[in-house]
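*Asks:* Please find one structure pasted underneath; my questions will follow.
The values are calculated or read from the model by the stated rules, or taken from the named source; none is laboratory data. Being a predicted model, the structure only gives us computed values, none of them experimental. Backbone-built Cβ (ideal geometry, glycine too); neighbour counts: all protein chains shown. For accessibility, only protein heavy atoms count, side chains too; no ligands or nucleic acids. Shrake-Rupley method; radii C 1.70, N 1.55, O 1.52, S 1.80 Å.
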Amino acid sequence: MRNLVRRIAFVGSPDRAVCESLREYGYRVDGVSGDSIVGLARELYRLRPALVHARQNHLKSALVGRLLDVPVVIHAGRADVGSLTARAARMSSRTLCAGAAVREALVAEGATASTTCVLRSLLDVKDDMRAAAIFPPMLDPAIRWVVAASPCDGPERGHQDLLLAFLSIARTRPRLKLLIAGEGSEAARLRSQAEAAGMLNRVVVHGVCLEQLPSLFGRAVAVVAPSRSGSSPDPVPEALAVGAPVVATATGSHPTWVREGRTGWLVPPRAPVALAARLAQVVDDAIVAKRVGDNARAAALELAAPRAVAQELARCYAAISRIPTQPYAGIYIEGPRRLQRA
């Protein structure tokens with residue numbers, strides 16, 4: 001019996017190497033234009049794909065997919081974050097984000113959290129490395145910065161644990177500062193605690209835009225992911241992609257992203273003492289930190305290779321795609337008319 005080939009309608013410009021690798025998993029990728037809703041509907045009606053992968057024109061793709069009852073995957077990067085993409089995400093079967101920070105931003109815009117996930121292999125590692133080479137204007141180059149970059153929207157983010165850990169090691173390390181690159185309801189409380197400890201000039205709580213994250217991570221002496229809950233992952237993949245030394249809590253997706261002692265370090269959640277001990281080791285041993293950061297960047301490049309991307313996409317496609325057995329009932333899309341000669 002011949003293996004069944006499932007068609008994927010890719011809205012945008014698909015990567016040829018990834019498409020070739022997807023053939024090994026039984027998927028054929030056809031690029032289609034999403035500039036016109038009618039044109040896209042006509043193309044899907046002709047192809048009858050098992051799934052639509054929308055890298056561009058997210059809302060139009062979601063609308064047509066809903067009309068024709070075809071599963072739609074939204075593929076979102078940093079430049080795609082906005083209300084229109086979030087609306088498309090609510091209408092799609094799955095939203096794949098190139099990084100945890102993109103997921104957080106889309107969920108904040110109204111995307112459905114349960115169907116919005118992070119696919120590390122979709123990160124553009126080379127682009128992030130170029131962005132990391134630009135020195136962030138908000139950082140003093142004479143200061144050694146510990147960076148965390150998740151929103152300050154609740155205690156489950158673990159910023160209280162990070163602040164306690166930092167305060168315990170900062171007094172003997174005068175050039176060390178903490179940047180919590182997020183805003184929210186907990187921000188004022190964190191500033192107040194830093195002020196009460198006499199460390200307000202050493203702790204900065206300030207939101208940054210997504211485009212600045214690679215440069216922040218690239219210049220950090222350590223990136224800390226202190227989340228207490230698996231439902232609130234920190235932007236660990238983005239930090240690993242630029243070779244930052246990462247200390248993360250062993251919760252949620254963090255253990256799948258960090259290989260202990262090789263690409264980063266894991267500590268128990270809700271454990272400021274353990275976090276302080278590990279953080280002190282990282283900031284004091286620059287040689288080990290650099291070696292682990294280099295390993296993290298190399299691992300990120302491996303994950304972004306076409307075969308690895310295809311493997312991750314194939315798993316996603318298999319979970320939500322289906323084979324159309326009948327034409328789209330009740331819908332007729334007339335093709336372009338040809339001029340008749342007299």
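*Asks:* In the Gaussian network model of the chain, springs joining C-alpha atoms below 10 Å, which of A54, A314, A142 carries the largest mean-square fluctuation?
*Replies:* Highest fluctuation among the options: A142.
*Asks:* Only helical DSSP H runs with n ≥ 4 go in: add -39500 (n - 2.57) per run for the chain, normalise by residue count and round the 222 nm mean residue ellipticity to 500 deg cm²/dmol.
*Replies:* -12000 deg cm²/dmol
*Asks:* While we're here: Could you identify which residue out of D285, D80, D234 has the top mean-square fluctuation in a GNM of the chain using Cα springs shorter than 10 Å?
*Replies:* D285
*Asks:* Quick one: putting +1 on the C-beta of Lys and Arg, -1 on the C-beta of Asp and Glu, what dipole do you get for segment 6-117 around its Cα centre, in Debye to the nearest 20?
*Replies:* Approximately 280 debye in magnitude.
*Asks:* How large is the Kirkwood hydrodynamic radius of the chain, in angstrom, based on all distinct alpha carbon pairs?
*Replies:* 21.5
*Asks:* Let me check something: with ligands and nucleic acids excluded, how do T112, T95 order by accessible area (1.4 Å probe), largest to smallest?
*Replies:* T112, T95
*Asks:* Among I169, L313, L122, pick out the residue whose Cα is farthest towards the positive end of the charge dipole of the chain, where Lys and Arg carry +1 and Asp and Glu carry -1 on C-beta, about the Cα centre.
*Replies:* With unit charges placed on the Cβ atoms, the residue in question is L313.
*Asks:* If one computes P(r) from the Cα atoms of segment 141-281, what percent of pairs lie at distances over 25 Å?
*Replies:* So the portion of pairs separated by more than 25 Å is 15 percent.
*Asks:* Name the most mobile residue of R173, R144, R262, meaning the one with the largest mean-square fluctuation, in a Gaussian network model of the chain with Cα contacts below 10 Å.
*Replies:* Fluctuation is largest for R173.
*Asks:* Could you give P(r) for segment 1-100, binned at 10 Å from zero, as whole percent values over all Cα-Cα pairs?
*Replies:* All Cα pairs considered, the percentages come to 16, 50, 29, 5, 0.
*Asks:* Right, something else. Can you give the accessible area per residue of the chain, in Å², using a 1.4 Å probe?
*Replies:* Heavy-atom SASA per residue in the chain reads 48 Å².
*Asks:* Now for a separate question. Quick one: pull the percent of accessible area on segment 1-127 belonging to carbon and sulfur, 1.4 Å probe, ligands and nucleic acids left out.
*Replies:* Answer for segment 1-127 is 47 percent, counting heavy atoms of protein chains only.
*Asks:* Suppose every Lys and Arg Cβ carries +1 and every Asp and Glu Cβ carries -1, with no other charges. What dipole size does the chain come out with about its Cα centre, to the nearest 20 debye?
*Replies:* 840
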